[in-house]
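Asks: Before I ask anything, here is the structure I am working with.
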Amino acid sequence: MNIQLTDDAIEWFETEMDVEAGEAVQFYARYGGASPLHEGFSLGIQKTEPEKIVAQTVINDVTYYIDEHDEWFFQDHNLLVSLNPDLNELHFDYEK
């Protein structure tokens, strides 16, 4: 399982979430909504310190990661984070 972020997604994290070097951003399964992988669950994001990382990428000294307790949500898919420029919102793709 890998995490990839486009340049515009990285910029979104830096401007919209005020993410700075040395911080960490978690991708996690949250109850509610829907995703291509699970009905009734969607992907959440938050700035928080990691516990047991199962996937990560470090960009500009920021750690983007998935914790062990959320591994089930991704079902061995890679996560690609991009930006929808029309809505100025993050877009998540899940690739095998």
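Every read-out reported here was derived from the displayed coordinates using simple, explicitly stated rules and does not represent laboratory data. Quick caveat: nothing in here was measured; it's all calculated off a predicted structure. We place every Cβ from the backbone using ideal geometry, glycine too, and count neighbours over all the protein chains shown.
Asks: Apply the Karplus curve 6.51 cos²θ - 1.76 cosθ + 1.60, θ = phi - 60°, to the phi angles in the stretch 42-59 and return the couplings in whole Hz, x for Gly and Pro.
Replies: 9, 8, x, 9, 7, 8, 6, 7, x, 10, 10, 6, 10, 8, 7, 9, 10, 10
Asks: Here is a follow-up. To the nearest 20 debye, what charge dipole does the chain have about its Cα centre, counting +1 at the Cβ of each Lys and Arg and -1 at the Cβ of each Asp and Glu?
Replies: 340
Asks: Would you kindly derive the ³J(HN,Hα) couplings of the stretch 82-96 from the backbone phi angles with the Karplus curve 6.51 cos²θ - 1.76 cosθ + 1.60 (θ = phi - 60°), listing them in order in whole Hz, with x for Gly and Pro?
Replies: Result, rounded to whole Hz: 10, 10, 7, x, 5, 9, 6, 10, 5, 10, 10, 10, 10, 10, 7.
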